[in-house]
Amino acid sequence: MLKQLIKEKINDKILSENLKTFAESYKISKEKAYQGLNFEKIRTKINNIKDLSYEEIINLYNKFKENALKKGCYVYEAATAEDANNYILEVCKKHNTDIIVKSKSMTSEEIKLNEFLEKNGITPIETDLGEWILQLAGETPSHMVMPAIHKSRKQVAKLFEKVTGNKIDENDIEAMVKIARKQLRDYYFNAKVGITGANVAVAETATIGIVTNEGNARLSTTIPDVHIIILGYEKLVNTFKDALQIIRALPKSATGQIISTYVTWISGSYPAKNDKNKEVHFVFLDNGRLPLFKNKNLKEALKCIRCGSCANVCPVYEIIGGHVFGDTYVGAIGLILTSFYGDEKKANEILKLCIGCKTCSVNCPAGIDLQSLISDINATITPKYGLSLPKKAVYSYVMPNPALFKTITKIGKYLQRPLLKNEKIEKIPFMGKEKNFRALPSIAPKSFTALYKDFYSSKPSKKYKKSVTFYSGCAIEYFYPEMGLTLLKLLDRANIKVNIPEKMVCCGLPAIHAGDGENGKKTIIKNLKYFDEKINEDIITLCPSCGMAIKEEFPKYTINSPQDYKKSEKMANKVKSLSQFLAENRLELKYTAKYKVTYHTPCHQKRGLCFSTENFLQEILKDYFIPLKDSDVCCGFGGSFSFDFAEISSKILENKINNIKNTNAEILLTDCPGCIMQIEGGLIKKGVNVKVMHVSEFLENYTKIIEKK
Ligand code: SF4
Ligand code: SF4
């Protein structure tokens with residue numbers, strides 16, 4: 001079912017075009033909107049404002065309630081969606097209305113308010129243009145801020161033709177907006193009840209803030225006699241100043257606007273038609289939120305300000321859109337909130353759609369590490385539904401067991417022989433066309449550990465001025481040992497000895513990413529055992545994903561074992577990429593060739609190890625360096641993701657390959673064997689003549705080392 005839906009969305013040309021166009025323009029406008037501002041400072045501030053314990057949120061709620069009651073409003077605590085719906089229905093019935101107008105509210109989507117009211121004879125009218133279009137189409141939003149992003153002008157024109165009975169020109173947007181305005185105006189005057197959500201709720205004054213671009217919230221709140229506000233407890237902040245911090249960041253991260261067209265502040269029961277004061281009801285929805293405030297880790301998700309940025313920047317969302325990548329809420333936060341408020345079985349499926357690139361985490365204006373939360377929730381839910389048998393076997397027995405891993409690769413070396421072409425496997429029979437979208441590397445004749453022994457046995461008496469430890473990772477150990485060998489050669493030239501752990505065990509990330517935290521942890525503990533007890537030197541990795549695992553997952557998964565944790569922390573502080581090591585050790589490299597070179601930034605190099613190899617290379621290569629468009633956008637690999645969701649992976653890769661072709665570079669560099677597997681394999685399949693190299697291979701082959709004084 002999920003696979004079928006993914007296929008449908010990938011083949012939906014309108015969706016693909018709309019999402020691609022938006023993703024490109026969003027990046028530019030967001031950057032402009034935040035120009036001159038310190039984004040990191042802003043998101044830390046919002047994160048702190050929203051960092052509330054269970055007791056604090058209850059205090060804020062009590063304060064809000066007290067102030068709202070003083071101002072003549074009603075306040076209702078809805079424990080569940082059903083509770084909230086029933087309360088709203090009662091208010092509507094009391095006012096004898098058969099129609100209500102609604103401004104966009106994700107919380108009302110969460111409780112399926114529209115369906116509930118319709119079943120009870122009340123017609124809800126969505127007044128946000130995008131939401132109204134979807135209501136006419138009988139569809140649900142595919143984005144939290146731009147709900148109808150998946151629709152084309154032509155489709156909208158067709159819907160409006162149905163409403164008006166007249167022919168509509170799809171290119172005349174102004175005319176379409178006029179139609180919507182005219183149709184909706186009548187509803188505002190006929191409805192006795194207006195329903196909105198709230199972007200923020202200020203406890204000290206019982207004020208809510210609503211952000212829109214169309215002014216429809218003002219009409220929905222001012223014209224009808226009754227205003228119902230449905231909101232989650234997490235919308236509460238203490239002061240108006242706190243609320244402003246959120247309101248200022250919201251449009252910048254949502255659509256790249258400096259400020260949205262309308263910001264409406266409503267405080268208390270205010271004068272309405274017929275000289276009567278408006279009846280204002282606040283419906284605070286729990287629906288599983290309050291217990292989350294007690295969970296130090298999960299309560300992070302409640303800091304979300306619903307800007308939608310985590311969808312806007314997500315490479316997977318860009319390919320399949322929000323009807324697959326989420327449920328009521330979409331994007332990274334959608335994957336998380338589906339597990340809280342939605343169907344857990346569905347959450348288990350869609351959590352696997354995260355490729356783990358961390359782009360959402362670094363873009364979230366509320367400072368939520370979304371990828372890490374997704375990974376944690378996935379590790380909690382997956383065991384309930386189980387992994388496929390082959391995956392379970394690999395993560396339980398092969399990954400933590402170097403001897404077995406070695407035996408399997410030995411067998412693999414023989415089995416792969418009939419499939420090899422120029423040492424690559426271009427097609428695996430019976431795997432299906434969509435999974436064969438790239439050539440795969442073959443298992444190397446000799447492992448890295450074997451090459452390592454050969455290398456140092458030829459230099460028994462060489463004296464080195466310092467040493468480092470190298471964590472090779474599985475890809476280099478079995479598929480790309482020559483990359484590791486270039487590291488030995490390069491550092492040997494600088495008189496640096498490379499040590500390796502007693503045995504090479506997987507870093508644990510593949511198991512953790514698949515939702516098998518238990519085996520991920522087992523693998524991490526094994527690794528700790530094989531690393532030198534007194535490790536005090538830098539740990540270099542040529543795979544940023546392994547590096548990120550050491551940096552983030554090792555301490556996380558050993559937090560309850562003081563001795564392991566101590567060692568993990570030490571390792572986390574020592575791990576770095578080759579480029580960072582060279583830069584810190586003031587080893588200047590002089591380029592000795594004339595190739596035009598470009599660079600793809602691996603996700604976990606930028607957002608895990610957090611060192612810019614791109615800047616480092618630019619300094620060495622000067623005019624020979626050609627920047628790659630969207631260099632830091634994922635290549636679509638993601639380990640087993642590229643097999644499980646090959647159609648998505650290949651689409652993401654397609655964008656990367658087009659950008660590489662546009663550089664006219666002769667060599668593409670990157671510092672991740674996984675990215676090399678994906679990009680090189682894709683280039684081979686497409687017949688694109690660009691050489692792909694690891695930074696380590698390139699530096700060893702084409703640079704001279706000059707030590708800075
Ligand atoms: S999680 Fe962050 S990026 Fe995503 S919608 Fe919420 S605030 Fe925006
Ligand atoms: S980590 Fe990457 S793939 Fe996963 S939700 Fe975030 S942006 Fe999307």
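Descriptive notes on the structure:
- Options Ile305, Ile368, Ile355: the member that is buried (at least 20 other Cβ atoms within 10 Å of the Cβ), part of a loop (DSSP other than H, G, I, E, B) and away from ligand 2 (no atom under 16 Å from the Cβ): Ile305
- Among (1) polar (S, T, N, Q); (2) surrounded by fewer than 20 Cβ atoms within 10 Å (Cβ to Cβ); (3) closer than 24 Å to Ser29 by Cα - the single one Thr212 does not satisfy: (2)
- Restricting region 290-302 to residues that are more than 16 Å from ligand 1 (Cβ to nearest atom) and in a helix (DSSP H, G or I), the residue that is surrounded by the most Cβ atoms within 10 Å (Cβ to Cβ): Leu290
- Close pairs (9 angstrom Cβ cut-off, 6 or more residues apart or separate chains): on the phi > 0 side of the Ramachandran plot and without any contact (Cβ under 8 Å) to a residue 24 or more places away in the chain in region 190-219, buried (at least 24 other Cβ atoms within 10 Å of the Cβ) and in a loop (DSSP other than H, G, I, E, B) anywhere: none
Yes or no, residue by residue, for (1) of a type in the set (S, T, N, Q); (2) closer than 20 Å to Gly515 by Cα; (3) within 16 Å of ligand 1 (Cβ to nearest atom); (4) crowded, with 22+ Cβ neighbours inside 10 Å:
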residue	(1), (2), (3), (4)
Gly608	no, yes, no, yes
Gln618	yes, no, no, no
Phe625	no, no, no, no
Leu628	no, no, no, yes
Gly639	no, yes, no, no
Ser642	yes, yes, no, yes
Lys656	no, no, no, yes
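- Against the numbered list (1) under 16 Å from the mean Cα position of the chain (by Cα); (2) within 19 Å of Gly232 (Cβ to Cβ), Ser361 comes up short only at (2).
- Of all residues making up region 466-517, the number that are of a type in the set (A, V, I, L, M), open to solvent by less than 20 Å² (accessible area, probe 1.4 Å) and in a helix (DSSP H, G or I): 9
- Qualifying positions in region 633-689 - within 16 Å of ligand 2 (Cβ to nearest atom) and among the aliphatic types (A, V, I, L, M): Val633, Ala646, Ile648, Ile652, Leu653
- Output for region 241-283, where each listed residue is more than 14 Å from Gly209 (Cβ to Cβ) and assigned to a strand (DSSP E or B): Pro271, Asn277, Glu279, Val280, His281, Val283
- The set of residues in region 371-380 that are more than 13 Å from ligand 1 (Cβ to nearest atom) and either surrounded by 20 or more Cβ atoms within 10 Å (Cβ to Cβ) or part of a loop (DSSP other than H, G, I, E, B) (or both) comprises Ser375, Ile377, Asn378, Ala379.
- Qualifying residues in region 317-331 (those that are in a helix (DSSP H, G or I) and not charged (D, E, K, R)) - the one nearest to ligand 1 (Cβ to nearest atom): Gly331
- Qualifying residue in region 585-600 (condition: open to solvent by less than 70 Å² (accessible area, probe 1.4 Å) and within 21 Å of the chain's Cα centre (by Cα)): yes
- Taking the criterion of being open to solvent by 10 Å² or more (accessible area, probe 1.4 Å) and either of a type in the set (Gly, Ala, Ser) or in contact with a strand residue (DSSP E or B) (Cβ under 7 Å, 6 or more places away or on another chain) (or both), the residues of region 675-692 that qualify are Met677, Glu680, Ile684, Gly687, Val690, Lys691, Val692.
- Some residue of region 453-472 being at pLDDT 95 or above and within 26 Å of Pro390 (Cα to Cα): yes
- Odd one out for Phe430 among (1) at pLDDT below 90; (2) assigned to a helix (DSSP H, G or I): (2)
- Being crowded, with 24+ Cβ neighbours inside 10 Å, at pLDDT 95 or above, more than 10 Å from ligand 2 (Cβ to nearest atom) and not small (Gly, Ala, Ser) is a property that Ile333 lacks.
- Region 52-89, residues that are among the aliphatic types (A, V, I, L, M), under 31 Å from the mean Cα position of the chain (by Cα) and open to solvent by 30 Å² or more (accessible area, probe 1.4 Å): Ile58, Ala79
- When Leu298, Leu292 are screened for being more than 12 Å from ligand 2 (Cβ to nearest atom), aliphatic (A, V, I, L, M) and within 18 Å of Thr382 (Cβ to Cβ), only Leu298 passes.
- Filtered residue count, region 94-136, keeping only those that are outside any helix (DSSP H, G or I), among the charged types (D, E, K, R) and open to solvent by 10 Å² or more (accessible area, probe 1.4 Å): 4
- Scanning region 265-289 for residues that are open to solvent by less than 20 Å² (accessible area, probe 1.4 Å) and either touching an Asp or Glu at 6+ places or on another chain (Cβ under 7 Å) or within 16 Å of ligand 2 (Cβ to nearest atom) (or both) returns Lys278, Phe284, Arg289.
- Only one of the numbered conditions (1) open to solvent by 40 Å² or more (accessible area, probe 1.4 Å); (2) out of contact with any strand residue (DSSP E or B) (no Cβ under 6 Å at 6 or more places or on another chain); (3) within 22 Å of Lys70 (Cα to Cα) is not met by Leu244, and that is (3).
- Cys314 falls short of the stated requirement of being crowded, with 24+ Cβ neighbours inside 10 Å, over 21 Å from Lys9 (Cα atoms) and either within 13 Å of ligand 1 (Cβ to nearest atom) or not aromatic (Phe, Trp, Tyr) (or both).
- Condition met for Ile100 (touching a Cys at 6+ places or on another chain (Cβ under 7 Å) and touching a residue at least 60 places away in the same chain (Cβ under 8 Å)): yes
- Residue within region 332-353 that is within 16 Å of ligand 1 (Cβ to nearest atom) and acidic (Asp, Glu) present: no
The values are calculated or read from the model by the stated rules, or taken from the named source; none is laboratory data. All values reported here derive from a predicted model rather than from experimental measurement. Neighbour counts run over all protein chains shown; Cβ positions are idealised from the backbone, glycine included. Surface accessibility is based on the protein's heavy atoms, side chains included, excluding ligands, DNA and RNA. Shrake-Rupley method; radii C 1.70, N 1.55, O 1.52, S 1.80 Å.
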